[in-house]
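These notes are about the structure you will find just below.
The values are calculated or read from the model by the stated rules, or taken from the named source; none is laboratory data. On a predicted model such as this, the values are computed, not experimentally measured, just so you know. With ideal geometry, Cβ positions are generated from the backbone for all residues, glycine too; neighbour counts draw on all protein chains shown. Heads up: the accessible areas ignore ligands, DNA and RNA and are worked out on the full protein's heavy atoms, side chains in. Shrake-Rupley method; radii C 1.70, N 1.55, O 1.52, S 1.80 Å.
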Amino acid sequence: MRRVAPGHVIGSVSAGALALLLGLAGCALVPGSVTPVDEVEFTNELAIPPLAPSHVVDGTRVFSLTAQEGTTEFLPGVETRTWGFDGPYLGPTLRAERGERVAVEVTNDLDEPTSVHWHGMHLPAAMDGGPHQEVEPGESWRPTWQIDQPAATLWYHPHPHGATEKHVYRGLAGMFLLDDDASRAADLPQEYGVDDVPVVVQDKVLDDAGQLELSDDGSEPGTLGGTVLANGTVGAYHEVTTEAVRLRLLNGSTARTYQLGFPDREMDLVATDGGLLDAPVRLEQMRLAPGERAEVVVRMKPGETTRLHSFEADLGGVVVPFAMGGNDEFDVLELRAADRLAPSPEPAWDPSLHAAADALRESDVSVTREFDLDDRRINGRTMDMSRIDEVATVGATEVWEVRSTVPMPHSFHVHDVQFRVQSIDGQAPPPELAGRKDTIYLEPSRDYRLLMRFDDYSDPDVPYMYHCHMLMHEDGGMMGQLVVVRPGEEAGSPGHAGAGHDTAGHDGGGAAGSADQAVAPASGTGPRYVPDADAHQGHH
């Protein structure tokens, strides 16, 4: 086995951030929070994002999305300037089946470049919608790919280099639901918007004029707002007409971590980022960092009311958690049960017919990589669009050892793959982290081993991203670039193949670059392969 060593790691917080943290630490006896959330009346019906229309052309299901400006009435009588897809705020829910080929016609009606990243999707790098696939104002982009992964709650959002936080904060986001044989046959609530309900949880700062305000003062881990939205609705309620309701929860915030649950009942966790668990897990609370998703089933009795609540968030060993949202506690969504409820089965499902092929096996690991995250760097480096940081081989199973070296929140996301959490500090993960994941909260100074496989797609020129999903951190440089190549192929030159890059006929996703065309990574950056003295033991 090969082990990939990190570069020099700067394990300290930047001078400005350190001064801020030390100053706040001196206030550690101050009770409560410096980022409180406003109390509201739950009098507004939960907005349900519409299912996006589509049509099938030559075997491809075609959707369309237009990024545009608009206004949204978050507060009564106040028109807040917002951005959305096909509307003033957020976007429609796209839905497709495993095995379908899809295309999305993306049009940019904004006055600045944006992109659309399909978060959690397995697809060619040139279709991924990252910073190399930005769409200029007035232009369009039409990515297409084959859906080949388990049923899951995914989402889409912009990923323009250095501006992701701004674009997501203004409202550009939506869900992308995948179905398969297992999810279709499952004993789970299935009627979209009725007992199968998308819930995009976000927080905002509204200024005195009711306009969105995004802080740029460097406060960690970014803007923590006092106004909490569910699908863009303040003080939202949902009328429940069945004995059980399935909530597809998405943390669509740019910085805040939520600790979601119900004060008066438990819930069944049935799926995480990448799809259904092996079996339901009964929980009281579920931590969700930015970018993470969870599907939970909540049981109700006729005529009762309960509220989805965010408890004080367990942020791990962060310094001054009260200044990072850790002490904030508030209601998110009210559920109101009708006087008569239709019956709902207990959650249950059988494995997919694809389960064996989808499985990740530790015995297949051939490469281990290390990633240390500090203030705004990964392995001591900030993002460089022209530099390839890591090179993987298509079909390879790898372990990524990831660690946050500073006492502040980080949320780690890897494009293209769904990983399994092998261990945390050498111990098996808790049941709620045992499913397929693409994003994970990193508690400071803990070691996370993530098992993943780079299937199907290779492209030596167009990279996937890995980064912190606390978007101020991402925009500040906490991101790296990974290309997937064929065996014996070298990395090419990122940046010259953008949104229109043609991947046809190249192993499902990449143009084969010859050795004399390849551009080596910059001096002092990855990948650097180090012989593993213990390779004969199989893996670490």
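Using modelled amide H (1.01 Å from N, peptide plane; none on Pro or chain starts), what sits under 5 Å from the amide H of Ser344, excluding residues fewer than 5 places away?
Glu243, Ala244
If you line up the Cα atoms of region 374-447 on their principal axes, what length do they span on each, largest first, in Å?
That gives 39, 35, 17 Å along the principal axes, largest extent first.
Each label point is 7 Å from the Cα along the Cα-to-Cβ direction; what then is the distance between the points at Asp109 and Ala348, in nm?
Reported label-point gap for Asp109 and Ala348 is 4.9 nm.
Can you give the Rg to Rh ratio for the chain, taking only C-alpha atoms and Rh from Kirkwood? The partial results should precede the final answer.
Numbers: Rg = 22.3 Å, Rh = 23.6 Å.
Radius of gyration over Kirkwood radius for the chain works out to 0.94.
What is the antiparallel percent of DSSP beta bridges lying wholly in the chain, to the nearest 5? Please report the intermediate quantities before stating the final value.
Numbers: 89 of 133 bridges.
So the antiparallel bridges in the chain amount to around 65 percent.
Taking 0.36 nm per intervening residue step and subtracting the Cα-Cα distance, what contour gain separates Arg184 from Ser423 on full extension? Each step should come with its number before you reach the end.
Values: separation 239, 0.36 × 239 = 86.04 nm, distance 3.11 nm.
Additional length available on full extension: 82.9 nm.
Kindly provide the helix-only [θ] at 222 nm of the chain, computed as the sum of -39,500 (n - 2.57) over DSSP H runs of four or more divided by all residues, to the nearest 500 deg cm²/dmol?
Values: 5 runs with 31 residues, N = 540.
Rounded to the nearest 500, the figure is -1500 deg cm²/dmol.
With the Cα gyration tensor of region 254-377 in hand, convert its eigenvalues to equivalent ellipsoid semi-axes via √(5λ) and list them largest first in whole Å.
Details: eigenvalues 191, 140, 17 Å².
Gyration-tensor ellipsoid for region 254-377: 31, 27, 9 Å.
Roughly how many Å is it from the Cα centre of region 114-193 to that of region 246-262, as a whole number?
18
Can you send over the carbon and sulfur percentage of the accessible area for region 26-181, probe radius 1.4 Å, protein chains only?
Values: 2960 of 5980 Å².
Its accessible area is 49 percent carbon and sulfur atoms.
Send over the Kirkwood Rh of region 239-307, from the inverse of the averaged 1/r over different Cα pairs, rounded to one decimal Å. Intermediate values should be presented prior to the final figure.
Numbers: mean 1/r = 0.0785 Å⁻¹.
For region 239-307, inverting the mean 1/r across all distinct Cα pairs yields 12.7 Å.
On the full set of protein chains, 1.4 Å probe, figure out the accessible area of Lys166 and give it in Å² to the nearest 10.
60
With a Förster radius of 51 Å, plug the Cβ-Cβ distance of Lys301 and Asp278 into 1/(1 + (r/R0)^6) and report the FRET value to the nearest 0.05. Walk me through the numbers on the way to the answer.
Values: r = 29 Å, r/R0 = 0.56.
It comes to 0.95.
Using the heavy atoms of the protein chains alone and a 1.4 angstrom probe, what is the accessible area of the chain per residue in square angstrom? Intermediate values should be presented prior to the final figure.
Working: 19690 Å² over 540 residues.
Computed with neighbouring chains in place, this is 36 Å² per residue.
Could you check the spin-label model distance between Glu362 and Glu329? Points 7 Å from the Cα along Cα→Cβ, value in nm.
3.8
Could you run the Karplus curve 6.51 cos²θ - 1.76 cosθ + 1.60 with θ = phi - 60° over region 333-344 and give me ³J(HN,Hα) per residue in whole Hz, x for Gly and Pro?
Here the 3J(HN,Hα) series is 8, 9, 10, 10, 7, 5, 5, 10, 10, 5, x, 10 Hz.
Along the Cα→Cβ direction, 7 angstrom out, place labels at Asp384 and Val57. What is the inter-label distance in nm?
4.1
Please list, in chain and number order, the residues 5+ apart from Gly275 or on another chain whose amide H is under 5 Å from its amide H, with Hs placed from the backbone.
Thr153, Arg436
Counting only protein chains, not ligands or nucleic acids, how are His309, His55 ordered by accessible area (probe 1.4 Å), most first? Write out the running numbers ahead of the final one.
Numbers: His309 25, His55 100 Å².
Final ranking, largest accessible area leading: His55, His309.
Give me the net charge of Asp339's neighbourhood, meaning all other residues with Cβ under 14 Å from the Cβ of Asp339; Lys, Arg count +1, Asp, Glu -1. Before the final figure, lay out each step's value.
Details: positive: Lys301, Arg336, Arg340; negative: Glu239, Glu243, Glu304.
Local charge sum for Asp339: 0.
Through the Karplus equation 6.51 cos²θ - 1.76 cosθ + 1.60, θ set to phi - 60°, convert the phi angles of region 292-300 into ³J(HN,Hα) values in whole Hz; use x for Gly and Pro.
With coefficients 6.51, -1.76 and 1.60, one gets 7, 10, 8, 9, 10, 10, 10, 9, 10 Hz.
Where the convex hull is taken over the Cα atoms of region 172-308, what is its projected area averaged over directions, in nm²?
Values: hull surface 38.3 nm².
If you wrap the Cα atoms of region 172-308 in a convex hull and average its projections, you get 9.6 nm².
Which value, in Å² and to the nearest 10, is the accessible area of Asp264 when all protein chains are kept and the probe is 1.4 Å?
Rounded to the nearest 10, the figure is 90 Å².
Could you calculate the contour length gain from Asp314 to Asp207, that is, 0.36 nm times the residue separation minus the distance between their Cα atoms, to one decimal place in nm?
Values: separation 107, 0.36 × 107 = 38.52 nm, distance 2.87 nm.
Difference between extended and current length: 35.6 nm.
Order Ser310, Ser219, Ser140, most accessible first, counting only protein heavy atoms with a 1.4 angstrom probe. Kindly include the intermediate steps, with their values, before the conclusion.
On the way: Ser310 0, Ser219 40, Ser140 80 Å².
Per-residue accessible area, sorted high to low, gives Ser140, Ser219, Ser310.
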